[in-house]
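Since the structure comes first, as structure tokens, the remarks are kept for the end.
Each value in this text was obtained by applying a stated rule to the coordinates, not by laboratory testing. It should be emphasised that the depicted structure is a prediction, and the values quoted were computed from it without experimental measurement. Using ideal geometry, Cβ is built from the backbone for each residue, glycine included, and neighbour counts are taken over all protein chains shown.
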Amino acid sequence: MTIRRIGRKASVLFFTCLWLLFSGCGSQASSNVVPAQKQETVSAQEPAQKQETAAPDAKSAAALTYITAADDFSNLNLDDPSRPVYDRYTLGERRAKGLPTVLPPIDPYEKHKTAYLTFDDGPDEKNTDAILNILKQEGVKATFYVVGRNVNAYPETVRRIFNEGHALGNHSYDHDYDRLYASVDNYLEEMEEADETIYNLIGMRPLITRAPGGRMSHFTEAYDAAVTVNGYVEHDWNVSSADSDPNGPVAQDFIDNIARQAAMDSAIILMHSSSGHEETVKALPEIIRVLRERGYTFGVVTPMTPQPW
Ligand SMILES: [Zn+2]
């Protein structure tokens, strides 16, 4: 009798688990359901070998939320600003396999009123997680341009960014302007080092990058050319919260700055999630509210995101 009851309970539990598994109930991915066709495209491109290199939880949770670039980058013509795009190869692997590193000409997303919240310089021990909590609560995806040495210091936060369907971008390994802008070779070395740090953690390489201090302020033609040859897609910003202003700005300043500037169809908004940016965390819910009020939806930066200028 008792054994039969246990057996019945076990089978109810089994079928409940099965239902939860297939309905995606309770997982972050479920709030981000994509058409079945796209889900297949993504998972079909996941080589089994790569699934072993990344943390299994990271793979399962994020698998439905990102797009994997084709070997020849031929699938980068999508019009879906809600999903990040990653490469399954490092640049070193692409070179070794004779695969292209240069991206083909890419059509930017068609005109949508899209706001791209971008957070540079993280992750850190506190603010990046607080930002992720707010984004989760608001159902908003964002882009995190991370610094390689911080990726090493806070790997769990990087996994969380990836798992929760946000985009990870490369923001150099150590963010040292003197070194980065002393030579193109230094710059590329740093970018590749950051790539590999991220890749070792999540089994994917970001295609998007942001030059520390911005491309507009630091790049010469030689830098532009080197970045292109290596398939990095660089995005500066066209809306600045000015949250790294040295004069101690507060949350309301960032809200006002963004409200004043955000009028374009494609607004790439600069903020920071690193240590010391508590005011950015404080401002974020109101920033999201203001942008929504203006008719923006939120996207993540990909190679198809229109350039800000
Ligand atoms: Zn930076």
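Total lysine pairs in region 37-298 at Cα distances under 26 Å, for residues eight or more apart or on different chains: 23. Taking the average, over residues, of other Cβ atoms within 10 Å as the packing measure, peptides 237-244, 75-82 rank 237-244, 75-82 from highest down.
The R179 and E293 beta-carbon pair, evaluated with R₀ = 45 Å, returns a calculated FRET efficiency of approximately 0.60.
Computed from the C-beta positions of Q252 and E93 and an R0 of 51 Å, the FRET efficiency is 0.60 to the nearest 0.05. Backbone amide hydrogens, once placed in the peptide plane, bring I268 within less than 5 Å of Y116, N238, V239, excluding anything fewer than 5 places away on its chain.
What order, most packed first, do the peptides 200-210, 215-225, 98-108, 84-94 have when packing is the mean number of other Cβ atoms within 10 Å of each residue?
200-210, 84-94, 215-225, 98-108
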